[in-house]
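> Questions regarding the structure given below will be posed in turn.
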Amino acid sequence: MISSSEMTEPTTAQAPETVTAVATETEMSRERDGEEEEKIRRQKKLEEALEAKSLRRIISAYLNYPEAAEEDLKKWERSYRKLSPAHKALVPHYALKFERLKRCISTNSYFIFNMLQAFEPPIDLSQDLDGYEDSNLDCAPHEKYVLDERHDSSCQPALTNNCAHEEESKSLHDSELQRMNASDPPPKNHSEDTRNHDERYDCDGDHLNHDHGNASLSSHDWLDPSLQTHVPLVDVDKVRCIIRNIVRDWAAEGQRERDQCYKPILDELDSLFPDRQKKSTPPSCLVPGAGLGRLALEISCLGFISQGNEFSYYMMICSSFILNYAQVPGEWTIYPWIHSNCNSLSDNDQLRPVSIPDIHPASAGITEGFSMCGGDFVEVYNESCQAGMWDAVVTCFFIDTAHNIIEYIETISKILKDGGVWINLGPLLYHFADTYGHDNEMSVELSLEDVKRVASQYGFEIEKERTIETTYTTNPRSMMQNRYYAAFWTMRKKCAIMT
Ligand code: SAH
């Protein structure tokens, strides 16, 4: 870009007075530029400090998991102790169940701790917000929202939703995640401009390399329990939700859900790009809101240059661990269902172990160019270099995460090549609907009919459409099975685009 000082550079042909005037103007403009630069620098530092704060809180949420789980257990034990001896005698195995639960919590904690140990923070976590007198700090975008818990029916107890999220949850802001790997090389289908956005799992033959940003604390000081902050329980709930998401994406038990949600998408991609193996460059496919990355990986294995996009550090920490560090299938054991006593057919169901991952990602047969890109979908992919880059965009349980779904549709249209396809599966459970206490929180909640109408305005034509019945991170052995009648469609971007 040409800077304004270059543009006002005087020429020798000018009269002396004019030169002086221009020179003064230039000086002023340089000063303005300097001030502007300083403002931008301060803003960046503030954003980075906020990101560090946000990430520390997410790490703390993971580290608080054992304590919070044990608290729950103590509560259950207290209730048990209140039983009369006669009633206690009717459930004599309870003491043993509590012992077993304790061991399950330890096993889950062991997994979490190993995951955190593998995590290299892409930013310096020691920076803090001291010295920033920014009145907006309280409502910084980081504070608002991160995980897709409303889809997570298993996060909800039978009667109330304890997975309340937006108000208290902690999130990464888009621009923060975009900076996650400033030192990474760009992915093949990215130009220079977007390389700072990438948190990547680059494919290198038969193993995945995860390049990390150079700002990491290598010593893992941040794992020191004494440095941990106490986080609200709602944050720890997110960790429990992640554990359930692991089952959806990376356990044999999640196969049924994956067959319901991912298989129709994969079948569709397979039939829409029949000659992809014969092409010199495989078709490219973007998966915004990629969660723990399984769908993006499967798309890669199908023969696409696949990129997942995700803006939650909760998700990214976990997907990075499984994609990059898993050595063998079944390497880890977790107990995903221990946190609720509700709707269990038996204690053994509740306490059953789940082995993860069900496959070894690095040996799954990925296509070169597989990557995960951290950051807010709209921000990252509205970069001009992304326009018309993708052959396919796949959204699964994603489009209702928007404040403004029209912006998502517009972005999808923009980044698709002419003739490219958008495959979507999911409900319209708008995440920002009913965000009590946040009256200014934007939430545009279109009906399916309106979504399709808007899409047609952005040049999309529907090629296929049906309803798919599915669950989302549901315990398959629970007596409660929330079902979605999800919209599934394939739309093709025609050339005529509304701008
Ligand atoms: N596709 C996955 C995850 C669905 S949940 C699956 O089917 O399992 C929706 C995901 O979108 C969450 O992981 C959430 O963190 C992510 N997300 C929400 N808003 C986002 C945004 N603006 N940009 C990128 N990811 C986003």
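> Keeping all protein chains in position, work out how much accessible area Tyr484 exposes to a 1.4 Å probe, and write it in Å² to the nearest 10.
30 Å²
> So what's the convex hull volume per residue for the Cα atoms of the range 229-493, in Å³?
146 Å³
> Between Ser271 and Lys102, what is 0.36 nm times their sequence separation minus the Cα-Cα distance? Round to one decimal in nm.
Here the answer is 56.0 nm.
> Between Cys495 and Arg41, what is 0.36 nm times their sequence separation minus the Cα-Cα distance? Round to one decimal in nm.
159.4 nm
> With θ taken as phi - 60° and the coefficients 6.51, -1.76 and 1.60, list the Karplus ³J(HN,Hα) couplings across the range 420-431 in order, rounded to whole Hz; mark glycine and proline as x.
x, 10, 10, 10, 10, 9, x, x, 10, 8, 4, 5
> Same structure again: Find which of Ile406, Val444, Pro476 sits farthest along the positive direction of the dipole of the range 383-485, computed with +1 on the beta-carbon of Lys and Arg, -1 on that of Asp and Glu, about the Cα centre.
Selected residue: Pro476.
> Collect residues whose amide H, placed 1.01 Å from N in the peptide plane, falls under 5 Å from the amide H of Tyr484; neighbours closer than 5 in sequence don't count.
Those lying under 5 Å, H to H, from Tyr484 are Thr470, Thr471.
> How much accessible surface does Glu36 have with a 1.4 Å probe, in Å² rounded to 10?
Here the residue's solvent-accessible area equals roughly 90 Å².
> Which cross-chain or sequence-distant (5 or more) residues have an amide H under 5 Å from the amide H of Ala387, H modelled 1.01 Å from N in plane?
Answer set, sorted by chain and number: none.
> I'd like the carbon and sulfur percentage of the solvent accessible area for the range 229-493, probe radius 1.4 Å, heavy atoms only, ligands and nucleic acids excluded.
48 percent
> Tell me, what ³J(HN,Hα) does each residue in the range 258-263 have, in order and in whole Hz, if you take phi through Karplus 6.51 cos²θ - 1.76 cosθ + 1.60 with θ = phi - 60° and put x for Gly and Pro?
Once rounded to whole Hz, the list reads 5, 5, 6, 9, 8, 4.
> For the range 401-486, just say rounded, prolate or oblate: build the C-alpha gyration tensor, square-root its eigenvalues into a ≥ b ≥ c, call rounded for a/c under 1.5, and beyond that prolate if a/b exceeds b/c, oblate if not. Walk me through the numbers on the way to the answer.
Numbers: a/c = 2.48, a/b = 1.26, b/c = 1.97.
Cα axes put the range 401-486 in the oblate bin.
> Out of residues 5 or more away from Glu463 or on other chains, whose amide H comes under 5 Å of its own, with H placed 1.01 Å from N in the peptide plane?
Thr490, Met491, Arg492
> To the nearest Å, what is the center-to-center distance of the range 277-293 and the range 75-114, using C-alpha atoms only?
For the range 277-293 versus the range 75-114, the Cα centre distance is 45 Å.
> If packing is taken as the average number of other Cβ atoms within 10 Å across a peptide's residues, how do 438-444, 477-483, 424-430 rank, most packed first?
Per-residue mean Cβ counts within 10 Å order the peptides as 424-430, 477-483, 438-444.
> Okay, moving on. Hey, what do the phi angles of the range 325-342 turn into as Karplus ³J(HN,Hα) couplings, whole Hz, using 6.51/-1.76/1.60 and θ = phi - 60°, x for Gly and Pro?
10, 5, 9, 9, x, x, 5, 10, 10, 10, 10, x, 9, 6, 7, 9, 8, 7
The values are calculated or read from the model by the stated rules, or taken from the named source; none is laboratory data. Since this is a predicted model, take the numbers as computed values, not measurements. Don't worry about glycine lacking a Cβ; one is built from the backbone with ideal geometry, like all the others, and counts go over all protein chains shown. Protein only, heavy atoms only, side chains kept; ligands, DNA and RNA dropped before computing areas. Shrake-Rupley method; radii C 1.70, N 1.55, O 1.52, S 1.80 Å.
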